[in-house]
Each structure stands twice: as structure tokens, then as C-alpha cells.
Amino acid sequence: MSYDSNNIFARILRGEIPCDKVFENEHALAFKDIAPQAPVHLLVIPKGAYVDFDDFTLNATEAEIAGYIRTIGVVAREAGVKESGYRILSNLGEEGGQEVPHLHVHIFGGKPLGRMIKPIDK
Ligand code: 5GP
């Protein structure tokens, strides 16, 4: 899948659409999810134009990868969920349930999160 430079997160990165920003550095931008599914629900996106985790791990530089992953840790720490625990999640593609085609990692926290995913029907 080629990168759609008009996806909503690309537009947020360009400042065309507002977001509730919690952190920004040269590698990444973090902001509150518009439809939170936990008391803490943040999105961390890399500044580069990567569709998803697959694209990122194939094509990003070592510096981009290190910078992005470290930033996810920083954002979670600053959100105050390190002590209580949190979950990171990145959806990819149709079966992964990805809606926005710019790589993003969700950070969920602030309550017990339960099972990782629903068990499969046997
Ligand atoms: P995905 O399903 O692609 O993993 O997650 C996309 C997430 O982006 C969803 O949780 C959705 O609520 C969030 N989202 C979609 N549009 C916007 C927006 O314009 N602003 C913000 N802050 N979050 C958005």
C-alpha cells in the first residue's frame, strides 16, 4: 500500500487539523485519541510517512526506529501509567483493524485492561 499523504494523521502532522498534543520531538508526535477507550488513550505517530508497522520496519532508518520506540516509552512515562501498567498496540491492515493509514501506536492505561484479545471460538 502506498502512503496517502492526505490521511488524517498526516494532516495532523502538518498542522491542518488540530490535536490534543501531549508530546513532540524530532521523531514523533503524541496526542490524545479522539474516542478514548481507556482513561489514558494516547496515540504516538512517527514524523516520517509510513503506512504501518510493516512499512516502518522495512524502510525507516535506524535513527527513526530508535527515536520512535524510545519516544513511546517517554510518552507512557510522562502519562504516569508506568507504575500501574499499560498496553501498547499497533493495528495493521484489514484483519488487524487499522483505520488510519499512518503508523500509530496506541497507549492504553489508567484501569485494569483485561484480556489481550477475545479468545477464539473453538
Ligand atoms: P486504528 O483503528 O487505525 O488502530 O486507530 C485509529 C485511531 O485514531 C482510533 O482510535 C480513532 O479514535 C483515532 N482517530 C481517528 N481520527 C482521529 C482524529 O482526527 N484525531 C484523533 N486525536 N484521533 C483520531
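The values are calculated or read from the model by the stated rules, or taken from the named source; none is laboratory data. Not measured: the values here are computed from a predicted model. Heads up, the Cβs are rebuilt from the backbone with ideal geometry, glycines too, and the neighbour counts pull from every protein chain shown. Surface areas here come from the heavy atoms of the whole protein model, side chains and all, with no ligands, DNA or RNA. Shrake-Rupley method; radii C 1.70, N 1.55, O 1.52, S 1.80 Å.
Structure summary
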| quantity | calculated |
| --- | --- |
| Apportionment of accessible area to carbon and sulfur, region 8-109, percent (1.4 Å) | 51 percent |
| Spatial separation of Cα centroids for region 91-122 and region 1-38, in angstrom | 18 Å |
| Only Lys, Arg (+1) and Asp, Glu (-1) charged, at Cβ; the chain dipole about Cα centre in debye | 560 debye |
| Per residue accessible area in Å² of region 8-109, where ligands, DNA and RNA are left out and the probe is 1.4 Å | 56 Å² |
| Distance between modelled label sites at Lys32 and Arg87, nm, 7 Å Cα→Cβ extension | 2.1 nm |
| Nearest-10 value in Å² for the accessible area of Phe56, using the 1.4 Å probe | 10 Å² |
| Scattering profile of the chain at q = 0.15 Å⁻¹ [log10 I(q)/I(0), Debye over alpha-carbon scatterers] | -0.69 |
| Sorted peptide list for 28-36, 40-48, criterion being average Cβ within 10 angstrom, highest first | 40-48, 28-36 |
| In the chain, lysine pairs closer than 27 Å at Cα, eight or more apart or cross-chain | 11 |
| Percent RCO, i.e. relative contact order, over the chain, from Cα pairs under 8 Å lying at least 6 residues apart | 30 percent |
